[in-house]
Amino acid sequence: MRCLAWLHAAPKKVGKNGSDKNQSRLQGYLDSNTRPPLSPAGCAAYLVDYLFAAGPASYGAMGAMPLLWQELTHWQRNSGIDLTPWEAVTLRQLSADYVAESHAAESPTRPAPWLPDDWQSHEARSNVAKKIRSILRS
């Protein structure tokens, strides 16, 4: 779920005019004819479908927030789908994960969730090394 939220997020542009449209990472993949690196959902794919049918997030005065229990109840009633207790809890947690990653992924430096934890430190060291090399060449 975090991977989908990261792909759906449109990172805020740093130092750019606010009138520029931010593009989602997914749109960037699609524009470059590159397939996004998503792993198959497997036997839980139907839960992801349910979450997006119900809406992955709810919206309040402060922006996106996880789906409310009442919203899940109303979605079940309106769709005719009876969730088991563990499915309902899982959908609520998936919604919370989606919202949390959506907020975090607005940062243009947020690494993809599928990268290993030590990626950022290695990547940061690599970027610093490149900058130092370019300065020394000048």
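The values are calculated or read from the model by the stated rules, or taken from the named source; none is laboratory data. Computed from a prediction, not measured in an experiment: that's the story for all the values here. With ideal geometry, Cβ positions are generated from the backbone for all residues, glycine too; neighbour counts draw on all protein chains shown. We work out accessible area using only protein heavy atoms, side chains counted, and drop any ligands, DNA or RNA first. Shrake-Rupley method; radii C 1.70, N 1.55, O 1.52, S 1.80 Å.
A compact table of results
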quantity: Odd one out for His122, checked against (1) surrounded by 10 or more Cβ atoms within 10 Å (Cβ to Cβ); (2) assigned to a helix (DSSP H, G or I); (3) at pLDDT 95 or above; calculated: (3)
quantity: Helices (runs of 4 or more DSSP H) contained in the range 1-116 and holding at least 1 residues among the acidic types (Asp, Glu) and open to solvent by less than 60 Å² (accessible area, probe 1.4 Å); calculated: 85-104
quantity: Flag if Asn127 is polar (S, T, N, Q) and either open to solvent by 70 Å² or more (accessible area, probe 1.4 Å) or in contact (Cβ under 8 Å) with a residue 24 or more places away in the chain (or both); calculated: no
quantity: Residue list for the range 91-108, restricted to those being of a type in the set (Gly, Ala, Ser) and either within 11 Å of Leu67 (Cα to Cα) or in contact with a His (Cβ under 6 Å, 6 or more places away or on another chain) (or both); calculated: Ser95, Ala96
quantity: Single match in Arg35, Arg77, Arg92 (criterion: within 12 Å of Met1 (Cβ to Cβ) and free of Cβ contacts under 8 Å to residues at least 40 places away in the same chain); calculated: Arg92
